[in-house]
Amino acid sequence: MIQSMSIYEDYLMLLSPPETVKHEIARYKKASAKLIGNYKSMDSPAHISVQHLERQKPFMADKNLDLMEQGLNTMPPVLLHMDGFYHFTHLHNRMTIYANIRATPATDEWFNTLKKKLRIKKNIVPHITVVRDIPEKDFDTLWPHFKHKKLVEPFWVKELTILKRDTLDAFAKWGKFKIFEFKNMTGPGYTRDELELLKAGDPDQINLFI
């Protein structure tokens, strides 16, 4: 049987935080749904979007992918810190609440390198969406519960994930396509505790830096 091939595909490149962070964000998503009902990003796992490519010819051919993987393998893992909640304002008074990723010279440099490797021109504002694209009245209900929360959580990102779906299928779900590791362990200097967190990936170590 010949497998049908999509004419166009959407690709989503993202960075996944560890399970501890996903669990924490999921708690905020559930609590928000209790207050305002269902909303768009309610069930999506916590992630940092890097690039969304829509309506592409299935261009992710082997050669492209090999080159992309080689480039990303030369990058080091990066230590990020979730640091409080902020919000974006969209058209028509719609709002998005997100967990902020603390900007430092080291993270700015890392994301600039990532942009070069992936040939991304637009600015990347690293963040983890909690509640996406809600009307202002729902935002007014939720924001008092978020604005004073001092959520500070360090975590390592060790790989880039690429998801894909069929553009023309209205019911297509995102499926995991490729995972590329950041393998350069001779990268920037981190403290011993930070490197322990990287090696262990242990939720119990997550409180070392708070």
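Summary of values
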quantity	calculated
Segment 133-159: number of residues that are of a type in the set (Asp, Glu) and under 17 Å from His47 (Cβ atoms)	3
Subset tally (residues that are surrounded by 12 or more Cβ atoms within 10 Å (Cβ to Cβ), more than 17 Å from the chain's Cα centre (by Cα), within 19 Å of Leu72 (Cα to Cα) and modelled with pLDDT of 70 or more) for segment 165-197	2
Matching residues, segment 94-114, being surrounded by 15 or more Cβ atoms within 10 Å (Cβ to Cβ) and of a type in the set (Val, Ile, Thr)	Thr96, Ile97, Ile101, Thr107, Thr113
Filtered residues of segment 115-132 (kept if surrounded by 15 or more Cβ atoms within 10 Å (Cβ to Cβ) and either in contact with a strand residue (DSSP E or B) (Cβ under 7 Å, 6 or more places away or on another chain) or closer than 21 Å to Ser44 by Cβ (or both))	Leu118, Ile120, Ile124, Pro126, His127, Ile128, Thr129, Val130, Val131, Arg132
Single match in Lys29, Lys34 (criterion: crowded, with 17+ Cβ neighbours inside 10 Å, assigned to a helix (DSSP H, G or I) and among the charged types (D, E, K, R))	Lys29
Counted residues, segment 147-182 - those being polar (S, T, N, Q) and not in a strand (DSSP E or B)	1
Residue that is under 15 Å from the mean Cα position of the chain (by Cα), more than 18 Å from Ser16 (Cβ to Cβ) and of a type in the set (A, V, I, L, M, F, W, C), where the choices are Ile128, Ile162, Ile97, Ile134	Ile97
Residue satisfying all of: in segment 30-77; among the basic types (Lys, Arg) and at pLDDT 95 or above; farthest from Phe111 (Cα to Cα) among these	Lys34
Residues of segment 1-20 that turn out to be at pLDDT below 85 and of a type in the set (Gly, Ala, Ser), as a count	2
Condition broken by Met68, with the remaining ones in (1) in contact with an Asp or Glu (Cβ under 9 Å, 6 or more places away or on another chain); (2) over 21 Å from His145 (Cα atoms); (3) of a type in the set (A, V, I, L, M, F, W, C); (4) assigned to a helix (DSSP H, G or I) satisfied	(1)
Out of Lys121, Lys173, Lys117, sole residue that is farther than 16 Å from Pro17 by Cβ, charged (D, E, K, R) and out of contact with any Lys or Arg (no Cβ under 9 Å at 6 or more places or on another chain)	Lys117
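The values are calculated or read from the model by the stated rules, or taken from the named source; none is laboratory data. These numbers come from a predicted model, not from an experiment. Heads up, the Cβs are rebuilt from the backbone with ideal geometry, glycines too, and the neighbour counts pull from every protein chain shown.
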